[in-house]
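Q: Once you've had a glance at the structure underneath, I'll fire off some questions.
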Amino acid sequence: MRHPNLTYDFFGKQVELALQNGMSAVAHYSLQFNHQITLTHPDWGWVNEKGEPQRYRWNVPCLDSPYRQYALGMLGEIFSRYEVGDLFLDVFGLQCLLYHREDHDPFCFCKYTQEAWEREHPGDDYREGFKTREGWDRRFQWLQKRTMIEMLDEIIITVRKHRPKVIVTLNGGPEVFPDDVLQKVGFIVAEPLPSDTGIALGSI
């Protein structure tokens with residue numbers, strides 16, 4: 001939605017000026033930081049077992065909810081309307097990242113996640129499965145597959161439908177991403193990590 005005080009397509013103008021000056025245009029999309037969408041659609045948010053919204057700086061939408069198609073629609077609009085050559089996909093795999101770095105419970109307990117699990121695993125109750133280590137592991141592998149591997153595949157298909165040579169870049173730690181993710185992106189940008197040796201992890 002355009003800002004009410006703008007009378008023209010601000011992003012479109014930026015892309016136009018970049019191309020006129022010999023620069024390529026990069027689209028930055030924050031996948032799992034979308035505070036506004038969770039205010040507009042509270043049921044699209046990531047919630048814990050008690051149904052409480054989960055935050056990390058901002059509210060986080062659940063990729064099992066209709067937000068998934070909303071995000072894909074936004075990306076489709078960007079790459080169909082503008083001459084953008086690269087996609088910088090920010091805040092990707094957030095739930096898994098928080099689990100690895102901060103031991104934060106990565107699972108969402110919204111109705112959409114539970115319904116998605118039970119469609120794919122009939123007879124295996126989503127909540128009941130967390131009572132065993134094997135059940136926890138199955139759900140974590142499914143979380144990675146659904147919100148990272150399959151999500152990235154859907155994003156790549158969406159943007160390359162309009163711009164076949166688009167390079168996709170991820171922001172985040174490589175230790176979190178499965179090989180199936182790392183093999184499909186041009187490169188990743190990792191934030192510096194503290195180290196006793198003074199050597200920090202940077203861009204890869």
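Q: Between helix 133-144 and the chain, what is the angle of the helix's C-alpha long axis to the longest principal axis, kept within 0 to 90° and rounded to the nearest 10?
A: The angle comes out at about 10 degrees.
Q: Using only protein heavy atoms and a 1.4 Å probe, report how much of R101 is accessible, in Å² to the nearest 10.
A: Surface open to solvent at R101 totals about 100 Å².
Q: Cross-link candidates for K111: which lysines have Cα within less than 28 Å, leaving aside residues fewer than 8 places away along the same chain?
A: K50, K131, K145
Q: With all protein chains present and a 1.4 Å probe, how do F88, F107 order by accessible area, largest first? Could the numbers behind the result be given before it?
A: On the way: F88 45, F107 5 Å².
Result of the area sort, largest leading: F88, F107.
Q: To the nearest Å, what is the center-to-center distance of segment 80-101 and segment 2-16, using C-alpha atoms only?
A: 23
Q: Another question, then. How high is the relative contact order of segment 1-132, in percent, with contacts defined as C-alpha pairs under 8 Å that are six or more residues apart?
A: Working: 135 pairs, mean separation 36.2, N = 132.
Once divided by the residue count of segment 1-132, the mean separation gives 27 percent.
Q: Per residue of the chain, what 222 nm ellipticity follows from adding -39500 (n - 2.57) for every DSSP H run with n ≥ 4, rounded to the nearest 500? Intermediate values should be presented prior to the final figure.
A: Numbers: 8 runs with 78 residues, N = 204.
Calculated mean residue ellipticity at 222 nm is -11000 deg cm²/dmol.
Q: Then there is this: Which shape class, rounded, prolate or oblate, goes with segment 120-189 when its Cα gyration tensor gives a ≥ b ≥ c as root eigenvalues, a/c under 1.5 marks rounded, and past that a/b bigger than b/c marks prolate?
A: Working: a/c = 4.37, a/b = 2.00, b/c = 2.19.
Oblate shape, in that a/c is at least 1.5 and b/c is the bigger or equal ratio.
Q: Report, to the nearest 10°, how far helix 150-160 tilts away from the longest principal axis of the Cα atoms in the chain, using its own Cα long axis and a range of 0 to 90°.
A: Orientation of helix 150-160: about 20 degrees from the principal axis.
Q: Something else: Between T158, V168, L98, whose Cα lies farthest towards the positive end of the dipole of segment 79-180 when Lys and Arg beta carbons carry +1 and Asp and Glu beta carbons carry -1, centred on the Cα centre?
A: Positive-end residue among those listed: T158.
Q: At a probe radius of 1.4 Å, what is the per-residue accessible area of D105, in Å² to the nearest 10?
A: The accessible area of D105 comes to roughly 80 Å².
Q: Identify which of the listed values of mean projected area of the Cα convex hull in nm² was calculated from the structure shown: (1) 15.2; (2) 14.2; (3) 16.8.
A: Structure-derived value, by its label: (2).
Q: When the dipole is taken about the Cα centre of segment 1-131, and only Lys, Arg (+1) and Asp, Glu (-1) are charged at their Cβ, what size is it in debye, to the nearest 20?
A: Numbers: 12 positive and 19 negative charges, 84 e Å.
Value, rounded to 20: 400 debye.
Q: Rounded, prolate or oblate, given the Cα gyration tensor of segment 70-114, with a/c below 1.5 counting as rounded? Don't skip to the answer; put the middle values down first.
A: Values: a/c = 7.11, a/b = 1.85, b/c = 3.85.
Here segment 70-114 falls in the oblate category.
Q: Please list the three semi-axes, largest first and in whole Å, of the ellipsoid equivalent to segment 75-154, using sqrt of 5 times the eigenvalues of its alpha carbon gyration tensor. Working shown, then result.
A: Details: eigenvalues 177, 52, 17 Å².
So the equivalent ellipsoid measures 30, 16, 9 Å along its semi-axes.
Q: Which order do you get for E16, E83, E150 if you rank them by accessible area with a 1.4 Å probe, largest at the top? Display every interim value, and only then the final one.
A: On the way: E16 80, E83 115, E150 50 Å².
Highest to lowest solvent-accessible surface, that is E83, E16, E150.
The values are calculated or read from the model by the stated rules, or taken from the named source; none is laboratory data. Just so it is clear, the structure is predicted and the values come from calculations on it, not from any experiment. Positions of Cβ are generated from backbone atoms using ideal geometry, with glycine treated the same way; all protein chains shown enter the neighbour counts. Keep in mind that these areas ignore ligands, DNA and RNA; they rest on the heavy atoms of the full protein, side chains included. Shrake-Rupley method; radii C 1.70, N 1.55, O 1.52, S 1.80 Å.
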